[in-house]
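Reviewing the structure listed below.
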């Protein structure tokens, strides 16, 4: 019995260490010799929003932390929102919701790109000699809007995030509000990034 519990503790310790290593591998660290800046990047992916029936399909987010030679630290967020083709214009302000606190964030840059993806529909038919032939039976067209936005997060905001149990990012698009939630392991990865030097 003692052997079993010792082995269990050993296995749990190894799993914990591997998870910790994996978490740090998701953080990309580079050095920019041109600007003499250490760059720490973290990527997040959100599928849909917490509200139902919004134009948001998914959101890819990159948070860039820059450590400059004069000990200045900055955080820039790059969000790519993939939305339905009938989505209204994205507002130039979004909000961070940290528990009861709401922090307005001005969006510095908004770029819109419309994309179209056309795929063939194929059917198999039998010819008169019983040979199967694949033919094009139609086309499917998928249109999407891609909003690329950029904004800054202050050191005070990042300090509040480091103490939060959950971070909500709220965007407004015409009559729709769209909220994505960062929590659990993903939020812990961001907290790891915040303390990195």
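Quick check on my filter: what residues within segment 78-100 are crowded, with 19+ Cβ neighbours inside 10 Å and out of contact with any helix residue (DSSP H, G or I) (no Cβ under 8 Å at 6 or more places or on another chain)? Passing the criteria: 79, 81, 83, 87, 90, 94. Could you grab me the full set of residues in segment 142-157 that are more than 30 Å from residue 119 (Cα to Cα) and surrounded by fewer than 18 Cβ atoms within 10 Å (Cβ to Cβ)? Once the filter is applied, which keeps residues that are more than 30 Å from residue 119 (Cα to Cα) and surrounded by fewer than 18 Cβ atoms within 10 Å (Cβ to Cβ), segment 142-157 yields 150, 152, 154, 155, 156, 157.
Restricting segment 39-60 to residues that are in contact (Cβ under 8 Å) with a residue 60 or more places away in the chain and assigned to a strand (DSSP E or B), the residue that is nearest to residue 176 (Cα to Cα) is 56. Suppose the filter is farther than 19 Å from residue 61 by Cα and loosely packed, with under 11 Cβ neighbours inside 10 Å; does residue 137 pass it? It is false that residue 137 is farther than 19 Å from residue 61 by Cα and loosely packed, with under 11 Cβ neighbours inside 10 Å.
Take residue 135 and decide whether it is free of Cβ contacts under 8 Å to residues at least 60 places away in the same chain, part of a strand (DSSP E or B) and either in contact with a helix residue (DSSP H, G or I) (Cβ under 8 Å, 6 or more places away or on another chain) or farther than 30 Å from residue 84 by Cβ (or both). Judged against the criteria, residue 135 is a match.
The residue that is nearest to residue 99 (Cα to Cα), counting only those in segment 138-160 that are in a helix (DSSP H, G or I) and in contact (Cβ under 8 Å) with a residue 60 or more places away in the chain, is 160. Screening 125, 107 for residues that are without any contact (Cβ under 8 Å) to a residue 12 or more places away in the chain and either surrounded by 12 or more Cβ atoms within 10 Å (Cβ to Cβ) or more than 24 Å from residue 45 (Cα to Cα) (or both) leaves exactly one candidate, 125. Looking only at segment 40-59, residues that are surrounded by 15 or more Cβ atoms within 10 Å (Cβ to Cβ) and either out of contact with any strand residue (DSSP E or B) (no Cβ under 7 Å at 6 or more places or on another chain) or within 21 Å of residue 189 (Cβ to Cβ) (or both) come to 7 in all. The condition (being out of contact with any strand residue (DSSP E or B) (no Cβ under 8 Å at 6 or more places or on another chain) and modelled with pLDDT of 95 or more) is satisfied by just one residue among 159, 79, 106: 159.
In this structure, residue 69 qualifies as surrounded by fewer than 11 Cβ atoms within 10 Å (Cβ to Cβ), touching a strand residue (DSSP E or B) at 6+ places or on another chain (Cβ under 9 Å) and not in a strand (DSSP E or B). Say whether the condition of being in contact with a helix residue (DSSP H, G or I) (Cβ under 8 Å, 6 or more places away or on another chain) and assigned to a strand (DSSP E or B) is met by at least one residue in segment 106-129. Scanning segment 106-129 turns up no residue that is in contact with a helix residue (DSSP H, G or I) (Cβ under 8 Å, 6 or more places away or on another chain) and assigned to a strand (DSSP E or B).
The values are calculated or read from the model by the stated rules, or taken from the named source; none is laboratory data. Predicted, not measured: the structure shown is a model, and the values here were computed from it. Glycine gets a Cβ as well: all are built from the backbone with ideal geometry, and neighbour counts include every protein chain shown.
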